[in-house]
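Worksheet for the structure shown next.
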Amino acid sequence: MLRILITAGATREPLDPVRYISNRSSGKMGYALVRAAKKRGLFVTLITGPADILPPKTNKIIHIETALEMKRAVMKHICQNDIFIMCAAVADYRAATYSRKKIKHHNKEWVLRLIRNPDILKSTFSYAPHIYRVGFALETHAPYENAKQKLKSKKLDMIVLNCISKKNKVLGLDVSQASFLMANGAKEELPMMTKNKLAQILIDRILKNRDQDDF
Ligand code: CTP
């Protein structure tokens, strides 16, 4: 039985007990991928951050909150899998210091120092180079250049490009327009469709590519 590891949702980076930095990821695309992979008979492990909806039924589920927790969970589980899809929207930065006490608003300004979170997807290559690895790229400008650069620098087999525009808002919606870029230079542009349909096409494409590439 083929095994797939999927990450979904956002990460939350706490500032104090009541505040955090995060992003608009709803979890819908990642959860649609879980359902599509289950439909194809794969053993699915889901690592999920906070999301707007409840996660679907899956073989194994790990809940995390921060990027560092997500990295630990990915590194713990990735080697037991054949395919890895990093769909989660990881916060690129976290607060340099966490305040155990609620931060009070004494001053007119609050200058927040942030430090970089690790690039989880990138660090999985040296750890698990034999696994078919897929990333997502969410771009507002120079989409193809940026996505190609991510495909190369993160040493992926495939990247799913979502261009955010007025017509394609992606985040939080049930529909999306995406393109698949493959490591061998192949490109497939898909029309706007539901995230469920897109997830089915993506899982089928990954299974086909794995067969062709002799994984
Ligand atoms: N990603 C990751 N770890 C991070 C940031 C991103 O694993 N710290 C993954 C995402 O899950 C996605 C891919 O890398 O699969 C691309 O994420 P994206 O946010 O589009 O790009 P970044 O690499 O963060 O670059 P930038 O924010 O500069 O566009």
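Readers should treat all values here as calculations from the given coordinates under stated rules, not as data from a laboratory. Please read these numbers as outputs of a predicted model, since none were measured by experiment. Glycine also receives a Cβ, built like all others from the backbone with ideal geometry; neighbour counts cover every protein chain displayed.
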Along Cα→Cβ, 7 Å out, is where each label goes; now give me the distance between the ones at residue 76 and residue 16 in nm to one decimal.
3.1 nm
Note on the range 130-204: alpha-carbon gyration tensor, axes a ≥ b ≥ c; rule is a/c under 1.5 for rounded, else prolate if a/b larger than b/c, else oblate; result oblate
For Cα pairs less than 8 Å apart in space and 6+ apart in sequence, what is the mean separation divided by the residue count of the range 21-94, i.e. the relative contact order in percent?
34 percent
Note down the nm distance, to one decimal, between modelled labels 7 Å out along Cα→Cβ at residue 24 and at residue 115.
3.0 nm
1/(1 + (r/R0)^6) with r = Cβ-Cβ of residue 213 and residue 188, R0 = 22 Å, i.e. FRET efficiency to nearest 0.05, evaluates to 0.90
Calculated FRET efficiency, residue 108 and residue 53, Cβ-Cβ r, R0 30 Å, to nearest 0.05?
0.20
Whole percent per 10 Å bin, from 0 to the bin with the longest distance: what is P(r) over all C-alpha pairs of the chain?
8, 34, 37, 15, 5, 1, 0
Mean separation of Cα contacts under 8 Å (at least 6 apart) over the residue count of the chain, i.e. the relative contact order in percent, is 20 percent
Sparse-neighbour loop sites [trypsin sites (Lys or Arg not before Pro); the range 109-215; at most 11 other C-beta within 10 Å; DSSP]
113, 166, 167
Relative to the Cα centre, what is the charge dipole magnitude of the range 130-204, using +1 at the beta carbon of each Lys and Arg, -1 at the beta carbon of each Asp and Glu, and rounding to the nearest 20 debye?
200 debye
Put +1 on the Cβ of every Lys and Arg and -1 on every Asp and Glu Cβ in the chain; which of 14, 48, 29 then has its Cα farthest towards the positive end of the dipole?
14
Magnitude of the charge dipole, the range 44-195, Cβ model with Lys/Arg +1 and Asp/Glu -1, debye to 20:
680 debye
Rounded to 10°, Cα long-axis angle of helix 195-212 versus longest principal axis of the chain:
60 degrees
If you fit an axis through the alpha-carbon atoms of helix 143-153 and take the longest principal axis of the Cα set of the chain, what angle between them do you get, 0 to 90°, nearest 10?
90 degrees
For labels at residue 155 and residue 171 in the simple 7 Å Cα→Cβ model, what's the distance in nm?
3.1 nm
From the C-alpha coordinates alone, can you work out the Kirkwood hydrodynamic radius of the range 78-178, in Å?
16.3 Å
